[in-house]
Amino acid sequence: MKIVTIIGARPQIIKAAAVSRAIRNHFTDLVKEIIVHTGQHYDANMSQVFFDELGIPEPDYNLNIGSGSHGVQTAGMITGIEEILLKEKPDYLVIYGDTNSTLAGAIAASKIHVPIAHIEAGLRSFNKSMPEEINRIMADHASNLLFTPTKTGLKNLINEGFNKENLPPFSADHPGIFHCGDIMYDNSLYFEQIARKKSNILNEYNLIEGNYFLATVHRDNNTDQPERLNALFEAFVEITSRTEKKLILPLHPRTSKLLKKNLKEELYQKVSASPYIKLIPPATFLDMILLEKNCDMVFTDSGGVQKEAYFFNKPAIILRSETEWKEILEEGCGLVADANKDKILDAFDHFASNKKLDFFPLFGDGKAAEFILKTLLENVRK
């Protein structure tokens, strides 16, 4: 079986590591993988370092798309991916998650009838103003095989008309849907051991286990809207001043670029002068694992970091108006605070006074990638 894997953003590079590793360890004689990097994330700290660190094979193709408007970026990807699919003639195009690279892959493959396998299918925030929501819905409805990490994802697909009783042969009109667990859980289990040996980030910033907070802010509606960005950092300043604990914030390039521009001058000075708020360069995946595993609490607008916080039994304060990971909320291990200072402070107080949370195993057995590859092999068109 030949598969073409589409990656473009940092989370997809990490997710692809699980499948590439499973091919190498269990299916090396059965599966040939062609990796296409769209270049959606083109900063070396946000992309190349992950290939080096996670042992992912170098991409066979790099489209070098770079930044741009959604239309320009996606159009360039569709053109490049279509050319590669016509040349390689794969059995499947494999796409991950909900980025513009995901959408471009789904459109390119569906137009020339290359079967699509969508990993992380069925996730819904139910907010179509988010570009990611549109991307994931359209990718799901173009796919032949859909692999969802959670029971909620499976329920979402069924509610949209997918039939879990469908039998092979599968097609876009007769797709197969599978609850397989989360490949990021596969990765977290595997790389945690490596991170302990290779990452030095705790020593670098003099961090003590359980005595610091971790934050990530990268979504454009948070970084680009001054009112929202100010509310987030006002909350961070108050929490760290009150607790006298450090808050570590690896800066996404977008956030770094807009911080001084969009924060009020007085607040920017407070953040810059704070002995507790540590703005650091983008963290590698291994560094992030150690930061997540050893922190006290997580503040994030990232879907992936919400999950990883759960993997490592850390409460998450979600800096968005909704989340696609409803299970985390249902288990009481995450709270949606949006970019609202008062809600963030209330959520912080809640978790600070409720330390005994139950983190039930929601995300599978750590073997999702093997399940996905077996399913693809069983359903290759003869």
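The values are calculated or read from the model by the stated rules, or taken from the named source; none is laboratory data. All figures in this text were calculated on a predicted structure; none of them were measured in a lab. No Cβ is skipped: glycine too gets one built from the backbone with ideal geometry, and neighbour counts run over all protein chains shown.
Here are the numbers for the structure shown:
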read-out: When residues of segment 240-286 are limited to those that are hydroxyl-bearing (S, T, Y) and at pLDDT 95 or above, the one nearest to N222 (Cα to Cα); value: Y268
read-out: Test result for P315, of a type outside the set (G, A, S), more than 26 Å from F51 (Cα to Cα), buried (at least 22 other Cβ atoms within 10 Å of the Cβ) and at pLDDT 95 or above; value: yes
read-out: Whichever residue in segment 256-304 is over 20 Å from the mean Cα position of the chain (by Cα) and of a type in the set (S, T, Y) and, among such residues, is surrounded by the fewest Cβ atoms within 10 Å (Cβ to Cβ); value: S272
read-out: Only listed residue being closer than 18 Å to H37 by Cα and among the polar types (S, T, N, Q), chosen from N100, N166; value: N100
read-out: Qualifying residue in segment 325-347 (condition: at pLDDT below 95 and part of a loop (DSSP other than H, G, I, E, B)); value: yes
read-out: Of residues in segment 235-255 being closer than 20 Å to S302 by Cβ and in contact (Cβ under 8 Å) with a residue 60 or more places away in the chain, the one nearest to the chain's Cα centre (by Cα); value: H252
read-out: Single unsatisfied condition, E227 versus (1) within 18 Å of N340 (Cβ to Cβ); (2) at pLDDT 95 or above; (3) surrounded by 17 or more Cβ atoms within 10 Å (Cβ to Cβ); value: (3)
read-out: Tally, over segment 353-374, of residues that are more than 13 Å from I119 (Cα to Cα), more than 20 Å from the chain's Cα centre (by Cα) and of a type in the set (A, V, I, L, M); value: 1
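Okay, residues lined up against (1) among the hydrophobic types (A, V, I, L, M, F, W, C); (2) more than 24 Å from K326 (Cα to Cα):
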position	(1), (2)
I158	yes, no
C180	yes, no
S188	no, no
I194	yes, yes
S199	no, yes
G210	no, yes
V217	yes, no
D220	no, no
D224	no, yes
